[in-house]
Structure formats: structure tokens, C-alpha cells
Amino acid sequence: MKQILTPLRFAAVIFTVAAVGQGVRSAAARAPQAQQPQQPAPRVVDLKAGDGTILRASYFAAAKPGPAVLLLHQSNRTRKAWDELAGRLAAVGINTLTLDMRGFGESGTPYTKLTDAERAKVRPMWPSDVETAFQYLVSQPGVKRDVIGVGGAGWFGVLHSVEVARQHSAEVKSLVLLSRETLQDGLQFLRQASQLPGLFVAADDDEYPPTVEAMEWLYINSSSPGKKFVHYSAAQDAPWIWYETMPAKFPPTAATELTCSSPIPSCPASSWIGL
């Protein structure tokens, strides 16, 4: 892996640079690098899905009106994996919402405890759950609803992030996809969405290979001139290795580690979003 702006640091740049407002980018550029803006405390919110299920989310409000970002976790994480990044984004003026998908974290019955029949009923509800979160985000005071970024990790987060961008192409101005692929509709959208800059990140030692090839395919299909592909080689660990706050340690893969669960000096999603 190259010592670049690192994907979470980089992902914060895309949400700001390409998508989420030149004002935020300029302010971040002027701020001394030794001083980090104070991170606001998140507001835990309960969102009611169409069937009445309560979806738990965290809203990190910026101090002033500005753009916003929706972050979607991978299937072996929860919304809390994004806390550090979300706080950093809000501190530089980007309102951020993180969501526990139905069956994960604090949203509904744990997916692992559902029967096969119950899981079959839950899966079709995920897109509408994400839509509920998106509508909540753009309805918040101070959110510029026409400058929205979306980021997702793993198959779970990537699939739904691309779908949000496809369904709301006029509002979504940037996309960050970490370590997984999307389906045919999503690929077709990326081919057509030349206005949508994207950051595509993969690592050789991802826990669910062949992730690198899948992310390369997404990158190739993207028609945006503002796209960026970041590949972490197995020959060198990611700079945030073992910064996990969870009891168990996970391999330094793009999807599991790019959420930057601890304050790390060089994290690419945050610079692509704007830090």
C-alpha cells in the first residue's frame, strides 16, 4: 500500500471536494493540521420504518448549514464503526447520519437470531429502510439537500450506497465504496453517472475475496473523470492496523478498518469527504 492520503482520509475529501461544497473544503484547508476541530456529540434518533420497526441511527450535526453524508455499515459491523469519521466530518461542517440496518446493532431483532423464513422477509425491507434514513437526513435543519454524499462498506453497505445514489442522482454528489461489489443495476448506473465522483477502495487481504477484482470492476465501470481507486497491498499493512476498539482484532482490510474507529493521523475516506 502506498502512503497516500489513506482511504478514510481520502473519503472525507470526496464528500467535500467533489460533492459536498467548496466552502467546507476551503475551511478545512485553512485550518492548522495540528488542531482538529472539536467533534460534536451525536444525537441518537429512532426512525420508524414503513412496517413500524424502529431503526436506530446517530446524527452528527454540523455547527452551520451545509452538506450531508449518509454512511452505511458492512454486515459484520454496526453504525458505531463510523463514529470517529462521522464526528470528524461534522466538525468540519458536514452533517452526517449513520444507520443500524434492520437486524443489526440496535435496529430490530438481530439478524443472526432470525429463522430462514424471517430473514427472507427482512432482506427486501433494507432498501426502504435506507430510504427512510435518507429522507430523515435531507429533512434536517441546515442540511443542503442537493449536496449529499453516500458511503458504504462491504457488500451490505456498497450495494445500498449505490442504490441511494441511483435513486437520488440529483441530490447525491459523491460516493465512497469500500471493499465490495454491486449488482447489474448499480453497474449500469455507474456507467451512466459521469457527474458522480467516486472513491473505490480494496485490500489484498480482505476477508471475503476476490474483493480487489470486484472493486477494480466497479472502478472501470464508473464513467466519472473524478473517480479514484485505492489498493492496499498485502505486502504492507494499512496504517490503522489494530486500531480496533472492539474486543476481537480483525485483519487490516479495507472494509473492516477504513471506518477509522480511533483517531488516526491519515485516514482516506475523511479526506475524500473533506478532512
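The values are calculated or read from the model by the stated rules, or taken from the named source; none is laboratory data. Keep in mind it's a predicted model, so treat the numbers as computed, not measured. Neighbour counts are summed over all protein chains in view; Cβ atoms, including those assigned to glycine, are modelled from backbone coordinates with ideal geometry.
Some observations on this one:
- Condition check for Leu178: of a type in the set (A, V, I, L, M), touching a Pro at 6+ places or on another chain (Cβ under 8 Å) and in contact (Cβ under 8 Å) with a residue 12 or more places away in the chain: yes
- Among the residues of the stretch 81-104, those that are free of Cβ contacts under 8 Å to residues at least 60 places away in the same chain and either of a type in the set (Gly, Ala, Ser) or over 11 Å from Ala61 (Cβ atoms) (or both) comprise Ala86, Gly87, Ala90, Ala91, Thr98, Leu99, Asp100, Met101, Arg102, Gly103, Phe104.
- Ile220 falls short on exactly one of the conditions (1) modelled with pLDDT of 50 or more; (2) β-branched (Val, Ile, Thr); (3) under 18 Å from the mean Cα position of the chain (by Cα), and that condition is (3).
- One residue alone among Ser179, Ser161, Ser169 is buried (at least 22 other Cβ atoms within 10 Å of the Cβ) and either of a type in the set (Phe, Trp, Tyr) or touching a Phe, Trp or Tyr at 6+ places or on another chain (Cβ under 9 Å) (or both), and that residue is Ser179.
- Complete set of residues in the stretch 178-215 that are within 16 Å of the chain's Cα centre (by Cα) and over 19 Å from Asp129 (Cβ atoms): Leu178, Ser179, Glu181, Leu196, Pro197, Gly198, Leu199, Phe200, Val201, Ala202, Met215
- Strands (runs of 3 or more DSSP E) completely within the stretch 54-160 that count 1 or more residues being hydroxyl-bearing (Ser, Thr, Tyr): 54-60, 95-99
- Matching residues, the stretch 203-216, being without any contact (Cβ under 8 Å) to a residue 40 or more places away in the chain and not in a helix (DSSP H, G or I): Asp204, Pro209, Pro210
- In the stretch 68-81, the qualifying residues are those that are modelled with pLDDT under 95 and buried (at least 23 other Cβ atoms within 10 Å of the Cβ), and the one that is farthest from the chain's Cα centre (by Cα) is Arg77.
- Among the residues of the stretch 259-271, none qualifies, meaning not one is farther than 26 Å from Ala68 by Cα, small (Gly, Ala, Ser) and modelled with pLDDT under 50.
- Of the residues making up the stretch 164-202, those that are out of contact with any Ser or Thr (no Cβ under 7 Å at 6 or more places or on another chain) and in a strand (DSSP E or B) are Val172, Lys173, Ser174, Val176, Leu178, Leu199, Phe200.
- Only listed residue being closer than 19 Å to Leu175 by Cβ, at pLDDT 95 or above and touching a Ser or Thr at 6+ places or on another chain (Cβ under 9 Å), chosen from Leu89, Leu85, Leu55, Leu97: Leu97
- All positions within the stretch 56-68 that are under 28 Å from Thr112 (Cα atoms) and either of a type in the set (A, V, I, L, M, F, W, C) or in contact (Cβ under 8 Å) with a residue 60 or more places away in the chain (or both): Ala57, Tyr59
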